[in-house]
Amino acid sequence: MPADSPLIALPLVLPIFAVGVLLCLRKAGEATRHALNILTCTAMLVVSVFLYAQVSEHGVLVLRTGSWPAPFGITLVADLLSAVMVLVTAVIGLGVAVYAAGSGTGKFRGYFTPLFQALLMGVNGSFLTGDLFNLYVWFEVMLMSSFVLVALPGGRPQLEAAVKYLTLNFIASAFFLVGLGVLYGMLGTLNMADLAVKLAPLGESDLVLSSAVLFLVAFGIKAGVFPFYFWLPSSYHVTPTPVAAVFAGLLTKVGVYACIRVFTLVYAGHQEFLASLLLPIGVLTMITGVFGAASQFYIPRILSFHIISQIGYMIVGLGFFTRGALAATVFYIVHHILVKANLFLIGGIIGHRTGSQTLKKTGGLYKKAPWLALLFLIPAMSLGGIPPLSGFFAKFALVREGLALGQWTVIAACLAVGLLTLYSMVKIWNEAFWKDAPAGEKQPDRPMPLMMMAPAIALAACTVMFGIFPGFFMDVALRAADQLINPAGYIEAVLQTTTPAR
Amino acid sequence: MENLLPIAIGILFACGCYLCMRRNIVRVLLGIMLFSQAANLLIFAGAGLSTGTPPIIPGDATTLTGAYADPLPQALVLTAIVIGFAVLAFAIALVLRAWHKTGSDDLDTFHKSDT
């Protein structure tokens, strides 16, 4: 019987302590709070590297909180997917914390850093919990801090966006609760491993399938899939750059993670039914997202629509339900988090430099800041799937799997959407970097502080690393997919019994 | 009771949905309120209802025997109510601020951010 691993609690304990200390430091200067914020994020990165190393070496780790054995108590579980997600969260957290210290967060009246840490705690909690109701609670922790982060700057666009964001996400939470209620009423347990064991013999009864669809709607709203994505492009672009970057990188991916976790573990026996829903949803998400982006001229809004189209790829990868496709999805999620957060940060730098993120007002940056142009090009080309960057390998793995399964329509959509993504990125490149600065527009040409550039450079370096060593990262993704496709190991670790492999 | 509750939950969901689709922001607020209360009731009712069967182990026994009420859904619902209450309190404050800023309670005028 494997011992409890207290390491799993650290990614949750560190931020909550930081929230408390940061709230006490209200009177201390902004610089002190940002320093502490960066320090906590660094500590979180170290912890998550250790956690990843442990999980990679010993397999699935569990922590029974309060020593209550599963399925009675809440169990925290770290399998390879969770560990990888926590690691990426820590990387993005550190990057955005440094950027926020560089760009300043005066609009938040000193509340940015505690809210930021609370958000990271919610995200980590969602990745690490092994209990469905606990997942709901972590979702709410994450959402509550994100509501405040959207609304706090307090301008009219922010308040309007916050109303839309809050309403739709609150309804999603209600759907989640209904799904939970149906499952609990049927099975009398909420531990995901226990649910998986008890749900397997039930077959395709109406209640099982309707609870699956309720979860699909709840997670789908949070992940921003078609037809539930409307809150996303109307709220992300009004937030200041550090908030937009962390939202774009992490929040929708928590929804995708929840889909992967619940549909590969709890509903492992219903994949045919789920695939019939996930594949069309994924394709439509891709297409609507990319067309939405094509008609926009404000950088954060273009990028917001691209989040949606990229979520489509992940949903399609999940919909294939094979080892290779799940590995491609894991690879895609990690690649996407790094690239998308970075693009938002670079968009912020462009705005800082030229005074606006509206493409009609920008221009001439290639002459003035050639390094910034190169920096933009790396994540932009990666998003479009140009070899040898991370996006190419992510798309390649997905398309190869689709070809093996003979899903021609899906593959055609994947490739066409990739092309249109490239069109959007080239549009930003042309308008912000290549064309001359528009006549009559006074660009402030502010210097670019190192604190703002460093995270963007580091994240771009990660993207290039993925391109140089795709084999190593794909190997990790494949091992994570092994655990997902055969959940017996997960169930065994949580329930501490030997269950026959299904 | 077990036959009445599903009907009540259904009516609550229907009212919530209807209100959520209104343009008046206060009605939307009431809508999501009803919606979340219906969800809470569903958890409560879904786990089965019983009367006079407390989940208390008698003094001379070591385990529960016979029929007893499941205490867990009540704990779940309590958690959900508290969270819903917090979000709703925030939502009311937010709507008030938004109303001050926009000078309107009509959601059709909430398009300043859609440029």
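The values are calculated or read from the model by the stated rules, or taken from the named source; none is laboratory data. If you're wondering where the values come from, they're calculated on a predicted model, not measured in any experiment. Positions of Cβ are backbone-derived with ideal geometry, glycine not excepted, and every protein chain shown enters the neighbour counts.
Data for the structure
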| item | result |
| --- | --- |
| Only one of B:L49, B:L42 that is facing chain A (nearest Cβ under 7 Å), farther than 30 Å from A:G155 by Cα and either of a type outside the set (K, R) or free of Cβ contacts under 8 Å to residues at least 24 places away in the same chain (or both) | B:L42 |
| Region A:220-234: number of residues that are of a type outside the set (A, V, I, L, M, F, W, C) and over 16 Å from the mean Cα position of the chain (by Cα) | 2 |
| Some residue of region A:263-286 being more than 18 Å from A:L216 (Cα to Cα), part of a helix (DSSP H, G or I) and at pLDDT 90 or above | no |
| Residue within region A:158-172 that is over 20 Å from B:P6 (Cα atoms) and not in a helix (DSSP H, G or I) present | no |
| Qualifying position, being modelled with pLDDT under 95 and more than 18 Å from A:I16 (Cα to Cα), among A:G110, A:G102 | A:G102 |
| The listed residue being closer than 30 Å to A:H352 by Cβ, within 14 Å of chain B (Cβ to nearest Cβ) and part of a helix (DSSP H, G or I), out of A:A244, A:A248 | A:A244 |
| Unique match (being at pLDDT 80 or above, among the aromatic types (F, W, Y) and in contact with a helix residue (DSSP H, G or I) (Cβ under 9 Å, 6 or more places away or on another chain)) among B:F13, B:F85 | B:F13 |
| Any hit, region A:350-362, residues being at pLDDT below 90, β-branched (V, I, T) and assigned to a helix (DSSP H, G or I) | yes |
| Residue match in region A:139-162 (condition: surrounded by fewer than 24 Cβ atoms within 10 Å (Cβ to Cβ), within 12 Å of another protein chain (Cβ to nearest Cβ), touching a residue at least 12 places away in the same chain (Cβ under 8 Å) and within 20 Å of A:V62 (Cα to Cα)) | no |
| All positions within region A:253-295 that are within 14 Å of chain B (Cβ to nearest Cβ) and touching a residue at least 12 places away in the same chain (Cβ under 8 Å) | A:G292 |
| A:V178 within 23 Å of B:L34 (Cα to Cα) and over 19 Å from the mean Cα position of the chain (by Cα) | yes |
| Qualifying position, being at pLDDT below 90, within 12 Å of chain B (Cβ to nearest Cβ) and in a helix (DSSP H, G or I), among A:L199, A:L177, A:L207 | A:L207 |
| Residue, surrounded by the most Cβ atoms within 10 Å (Cβ to Cβ), within region A:215-241, restricted to residues that are β-branched (V, I, T), within 14 Å of chain B (Cβ to nearest Cβ) and over 21 Å from A:K107 (Cβ atoms) | A:I221 |
| Meets criteria (modelled with pLDDT of 90 or more and either polar (S, T, N, Q) or touching a helix residue (DSSP H, G or I) at 6+ places or on another chain (Cβ under 7 Å) (or both)) for A:L216 | yes |
| Odd one out for A:R261 among (1) buried (at least 23 other Cβ atoms within 10 Å of the Cβ); (2) over 16 Å from the mean Cα position of the chain (by Cα); (3) of a type in the set (D, E, K, R) | (2) |
| Helices (runs of 4 or more DSSP H) fully within region B:1-107 counting 3 or more residues that are in contact with a Pro (Cβ under 9 Å, 6 or more places away or on another chain) and surrounded by 12 or more Cβ atoms within 10 Å (Cβ to Cβ) | B:25-46 |
| Residue satisfying all of: in region B:59-115; among the aromatic types (F, W, Y) and at the interface with chain A (Cβ under 8 Å from one of its Cβ atoms); farthest from A:V150 (Cα to Cα) among these | B:F110 |
| Boolean, A:M474 is surrounded by 19 or more Cβ atoms within 10 Å (Cβ to Cβ) and more than 21 Å from the chain's Cα centre (by Cα) | no |
| Filter pass, A:L284 being surrounded by fewer than 24 Cβ atoms within 10 Å (Cβ to Cβ) and either within 12 Å of A:F226 (Cα to Cα) or basic (K, R) (or both) | yes |
| Filter result for A:L166 (of a type in the set (A, V, I, L, M), crowded, with 24+ Cβ neighbours inside 10 Å, closer than 18 Å to B:V26 by Cα and facing chain B (nearest Cβ under 9 Å)) | yes |
| Candidate set from region A:110-138 (those that are more than 14 Å from chain B (Cβ to nearest Cβ) and farther than 18 Å from A:L81 by Cα); member that is nearest to the chain's Cα centre (by Cα) | A:L119 |
| Selection count, region A:367-386, where residues are on the phi > 0 side of the Ramachandran plot and free of Cβ contacts under 8 Å to residues at least 12 places away in the same chain | 0 |
| Residues of region B:89-99 that turn out to be farther than 12 Å from B:V26 by Cα and touching a helix residue (DSSP H, G or I) at 6+ places or on another chain (Cβ under 9 Å), as a count | 2 |
| Candidate set from region A:180-192 (those that are surrounded by 24 or more Cβ atoms within 10 Å (Cβ to Cβ) and in contact with a Ser or Thr (Cβ under 8 Å, 6 or more places away or on another chain)); member that is nearest to the other protein chains (Cβ to nearest Cβ) | A:L183 |
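Here is a yes/no grid of residues against (1) surrounded by 24 or more Cβ atoms within 10 Å (Cβ to Cβ); (2) in contact with a helix residue (DSSP H, G or I) (Cβ under 7 Å, 6 or more places away or on another chain):
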site: A:F17; (1), (2): no, no
site: A:L39; (1), (2): no, no
site: A:T42; (1), (2): no, yes
site: A:L63; (1), (2): no, yes
site: A:G66; (1), (2): no, no
site: A:P69; (1), (2): no, no
site: A:S82; (1), (2): yes, yes
site: A:A97; (1), (2): yes, yes
